[in-house]
Amino acid sequence: DAGVIQSPRHEVTEMGQEVTLRCKPISGHNSLFWYRQTMMRGLELLIYFNNNVPIDDSGMPEDRFSAKMPNASFSTLKIQPSEPRDSAVYFCASSLGGGGTGEYLAEAFFGQGTRLTVV
Amino acid sequence: AQKITQTQPGMFVQEKEAVTLDCTYDTSDPSYGLFWYKQPSSGEMIFLIYQGSYDQQNATEGRYSLNFQKARKSANLVISASQLGDSAMYFCAMRGLKAAGNKLTFGGGTRVLVKP
């Protein structure tokens, strides 16, 4: 298996522009997580999908951020408009389990991350 | 709500010695899993080991072992015979049965530097 695939690996954009990050989870996994990592705030969970349905989006910073999972093999995280404080590494991760089932012991596999720089 | 606390922001360890990384957690879930991840300077997140809340024995994976003390709500990672390649950030994480459909929550991490 190719693992979790994120694109792009690096993104540099100007303040005010729209940014779209993409993620392809591991085939067969039904849980998908988006995390943001910064030096100041560490690793933050932004949103969590189970079976393509958003279960917890309490970590999404504000209305500028949105995430979708139109099918089991693709998810996007969009920032519009982007701001310099959004600069971070964004990780996507997938796993089995979720939705209150007994598969809560399943580990999550991470993509390589997208390093976003907003100037 | 579930919370993971890693109180050691950074530590040094001599090559070939063992090191213990602390992790305490708080949850109201009766059933949960605890995980450790490694993040080297290259940035990827690597799964190391997990422990289930009902597991009677401590988990082990090669040089990694998990010192699970359920009553104290701690799940410390022990790395034996440290190697230079163990220098990295280490994250403790938790996933509960009831917590928002099994979401995965991370602690703040501990940076380990192995000295030759």
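Can you tell me which residues in segment A:26-74 are farther than 17 Å from A:R85 by Cβ and of a type in the set (D, E, K, R)? Within segment A:26-74, A:D56, A:D57, A:K68 meet the criteria.
Hey, can you tell me all the residues within segment B:48-65 that are surrounded by 14 or more Cβ atoms within 10 Å (Cβ to Cβ) and either modelled with pLDDT of 95 or more or assigned to a loop (DSSP other than H, G, I, E, B) (or both)? Result: B:L48, B:I49, B:S53, B:D55, B:N58, B:A59, B:R63, B:Y64, B:S65.
Scanning segment B:83-103 for residues that are part of a loop (DSSP other than H, G, I, E, B) and surrounded by fewer than 20 Cβ atoms within 10 Å (Cβ to Cβ) yields B:Q83, B:S87, B:K98. Applying the criterion of at least 2 residues that are surrounded by fewer than 18 Cβ atoms within 10 Å (Cβ to Cβ) to the strands (runs of 3 or more DSSP E) found wholly in segment A:50-119 leaves A:53-56, A:65-71, A:74-79, A:114-118.
Given the structure, is A:V4 crowded, with 16+ Cβ neighbours inside 10 Å and in contact (Cβ under 8 Å) with a residue 40 or more places away in the chain? Yes: the conditions hold for A:V4.
For every residue, the table says whether it meets (1) more than 9 Å from chain B (Cβ to nearest Cβ); (2) closer than 13 Å to B:L104 by Cβ.
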site	(1), (2)
A:R22	yes, no
A:G28	yes, no
A:L32	yes, yes
A:Y48	no, yes
A:P70	yes, no
A:Y90	yes, no
A:A108	no, yes
A:T114	yes, no
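Being polar (S, T, N, Q), within 13 Å of the chain's Cα centre (by Cα) and either over 22 Å from B:G10 (Cβ atoms) or at pLDDT 95 or above (or both) is the filter here, so list the residues in segment B:70-105 that pass it. B:S74, B:N76 - these are the residues of segment B:70-105 that are polar (S, T, N, Q), within 13 Å of the chain's Cα centre (by Cα) and either over 22 Å from B:G10 (Cβ atoms) or at pLDDT 95 or above (or both). Of all the numbered requirements in (1) at pLDDT 90 or above; (2) more than 24 Å from B:F91 (Cβ to Cβ); (3) open to solvent by 10 Å² or more (accessible area, probe 1.4 Å), A:T38 misses one, and that requirement is (2). Looking at A:E44, A:E11, just one residue is open to solvent by less than 60 Å² (accessible area, probe 1.4 Å) and within 16 Å of A:T117 (Cβ to Cβ), and that residue is A:E11. Residues that are farther than 26 Å from A:Q112 by Cα and either among the charged types (D, E, K, R) or part of a loop (DSSP other than H, G, I, E, B) (or both) within segment B:66-82 comprise B:K70, B:A71, B:R72, B:K73, B:S80, B:A81, listed in sequence order.
Close contacts from segment B:31-56, counting a first residue that is closer than 14 Å to B:T110 by Cβ and a second that is modelled with pLDDT under 90, with Cβ to Cβ under 9 Å and a gap of 6+ residues or different chains, come to B:Y37/A:E107. Would it be correct to say that A:G28 is surrounded by fewer than 14 Cβ atoms within 10 Å (Cβ to Cβ) and more than 19 Å from B:Q39 (Cα to Cα)? Yes. So how many residues does segment B:21-45 have that are surrounded by 15 or more Cβ atoms within 10 Å (Cβ to Cβ) and either among the basic types (K, R) or not in a loop (DSSP other than H, G, I, E, B) (or both)? Adding up the residues that qualify gives 11.
Within segment A:104-115, residues that are without any contact (Cβ under 8 Å) to a residue 12 or more places away in the chain reach partners that are part of a loop (DSSP other than H, G, I, E, B) and surrounded by fewer than 20 Cβ atoms within 10 Å (Cβ to Cβ) with beta carbons closer than 7 Å, at six or more positions or on different chains, in the pairs A:Y104/B:S31. Any residue at all in segment B:104-112 that is outside any loop (DSSP other than H, G, I, E, B), more than 14 Å from chain A (Cβ to nearest Cβ) and buried (at least 16 other Cβ atoms within 10 Å of the Cβ)? Within segment B:104-112, one or more residues are outside any loop (DSSP other than H, G, I, E, B), more than 14 Å from chain A (Cβ to nearest Cβ) and buried (at least 16 other Cβ atoms within 10 Å of the Cβ).
The values are calculated or read from the model by the stated rules, or taken from the named source; none is laboratory data. Quick caveat: nothing in here was measured; it's all calculated off a predicted structure. Note: ideal-geometry Cβ built from the backbone for every residue, glycine included; neighbour counts use all protein chains shown. Note: areas computed on protein heavy atoms with side chains; ligands, DNA, RNA excluded. Shrake-Rupley method; radii C 1.70, N 1.55, O 1.52, S 1.80 Å.
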